[in-house]
Amino acid sequence: MKKPDQTHQRHSWDAGRWRIDRHLRSWLLEAVRWMIGPWRRVEDDADRAAGSRPLNILVFQYDAALGSVIAATPILESLRTAQPGSTIVVASSGIAYEVVKYNPFADRVINTPNPYSAFMSTAWWILRSLRLAQKWDCVITDIGNAKTRLAVLGAITGAHRRIGFTAAPSLYHIPLHRDPQMSVMRDNLRLPAALGLRSEAAEPRVFFSQYEALAAETLLSQHGLTDAAGLTVFFTQTSGGQPSRWYDERFAIVADHLATRHDSAIIFGGTRGERDAIERIRSLMTRASINIAGDTKTVSVLAALLCRADMAVSLDTGPMHLARAAGLPTVVIAPAWQPAYEWLPLGFDDCTIVRRNEIPCAGCRKFVCETRECMDEITTEEVISATEALWLRYPPSPLRRQERTARSLAARREMTNAKG
C-alpha cells in the first residue's frame, strides 16, 4: 500500500484551517455589525461638539513599533489640553505600554492581555472590566492601531462613538483614512478634531519614574560615566530593512572623531540582539567605547539615559524618536526611500537630518535595494560636520541634562495590570 504523503496532508489541513479561520473571522465581523447595528448612529453637530462636557475617553494603544507609538503620544496631550476635565484611559500592552505607562496626560494606563496573541482573553477582559465598569463616550485608535480586531474590541466596549483609523470602517462612527500628504504625527492629531475638539500641535513625550532615572544613573556609574565631560549615544542598527542601514566603518570614523575632538564618551545603544553588530563597529574604532545594547532593559530606562546624554547620532529608527521625545540634540542619518515629512523631525534647531533628497530614486519605498544610493552617498564628512554644528549650538551642559530629566520625570502614580 502506498504510504500517504504526510507533507501533502499537512498542507491540505493548513489550507483548510486557513479557510475556516477566514470564514470564522468574516462571520464574527458580521455578527458584531448585527449586534451593534441598532445602536450605531452618527451624532449631529451639536452632539459632536464634545467641548461642552467632560468625556470618558478610551484609547487603544497596542502598536508594536516603538517609533509609531512615540509618534502617537501627542494625541494624549492634545486631548488633555482640549478637555482638562475629561477622563482619559489607555488600554495597552507590550512595548506600547512601556512607552505610555507614566504619561501624565492619561488618568489611567492599563496593561491588558495582548489582542494579537490572546484576542479572546482581551475581549473577555474588556467586556468584564471596561464595558460593565464604566460608560465610554468614545474609543479612539491611531494610525498604528488601525486593525480589524481592535475595531471589534472597540465595539465590545459599548462606546457611544468609535473614532479613528481603522481597517473596518463599518464598525466606526467616524472612520479616518491615512492622509499621505501629512506626517504620521500630524495625521494622528486629526483625532481630537474628529471629536469636535480643538487640536493643538504637540511634540512626542516619553516619561519615566524616579526608579528608571536611578537605573540609568547606575548604569552610567558602572561604566564610570557619571561625570563624563560629554556623552554621545549612537544607534547604528535599524529594523527598517537593508536600505536604511549605513556602514560600520563610517560609524567608527564619526565616533572616533567625537571621542578625539571633544573627549566625548561614546555609548552604543540598542537591543540585546544587536550587540554583535555593534561589536563589529567597535572593533574598527581606535578610541574606547561602550556597548550597552540590551542593558537598559526597558524603554523608560533608555529614555532616562538619553536625558543624561549630550548628543545622539542615529539612523532613522525607533530610538531616534525616543531621543526626540527626550529633547536630546540628534543627528539623523536617514534614507530617502520614503518622504522625509512622514517620520523625520523636520525644522528643529536641535535636530539635523543628513539625507539625500535629490537622487532620482528618492521615494522608491523599496525594502531591498541593490545600489543603496541614498545611504551610500552620505559621507562621514557630512555627518561629522552636522555633529560639529550641533556641538557648537548645544555644548555639553549638566544644567541641560538636569532640565531634560526634570521635564520627563513623571509623578508617582498607581499602575493597573489587567493580566492574569
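Any read-out appearing in this document is the output of simple, stated calculations on the displayed coordinates, not a laboratory observation. Here the structure is a predicted model, which is why all the values come from computation and not from measurement. Every residue, glycine among them, receives a Cβ derived from its backbone with ideal geometry; neighbour counts consider all protein chains shown.
Observations on the model:
- Efficiency of FRET from Cβ geometry, Ile95 and Ser385, R₀ 25 Å, rounded to 0.05: 0.15
- The chymotrypsin sites (Phe, Trp or Tyr not before Pro) of the range 318-395 meeting both criteria, a DSSP state outside H, G, I, E and B (loop) and at most 15 other C-beta atoms within 10 angstrom of the site's C-beta, are Phe348, Phe367.
- Loop-located GluC sites (Glu not before Pro) in the range 182-254 (DSSP state not H, G, I, E or B) with no more than 15 neighbouring Cβ atoms inside 10 Å: Glu200.
- Length available on full extension from Gln181 to Arg198: 0.36 nm per residue minus the Cα-Cα distance, which gives 4.0 nm.
- Computed P(r) (all Cα pairs; the range 66-207; 5 Å bins; percent): 2, 10, 19, 25, 24, 15, 4, 1, 0
- In this structure, the pairs whose alpha-carbon distance is over 25 Å, taken from Lys101/Lys366; Lys101/Lys147; Lys135/Lys297, are Lys101/Lys366; Lys135/Lys297.
- Residues Ser199, Ser397, sorted so that the one with the fewest Cβ neighbours within 10 Å comes first: Ser397, Ser199
- Looking at the range 210-408, the pairs of alpha carbons with a distance over 28 Å make up 21% of the total.
- Computed label-point distance, nm, for sites Thr81 and Tyr116 using a 7 Å Cα→Cβ extension: 3.0 nm
- Estimated FRET transfer efficiency (Arg275, Tyr247; beta-carbon r; R0 25 Å; 0.05): 0.85
- With a cut-off of 12 Å between beta carbons, the residues surrounding Ile384 carry a summed charge of -2, where Lys and Arg count +1 and Asp and Glu -1.
- Calculated from backbone phi, Karplus (6.51, -1.76, 1.60) coupling profile of the range 137-149 in Hz, x at Gly/Pro: 6, 7, 10, 10, 10, 8, 4, x, 10, 7, 10, 4, 5
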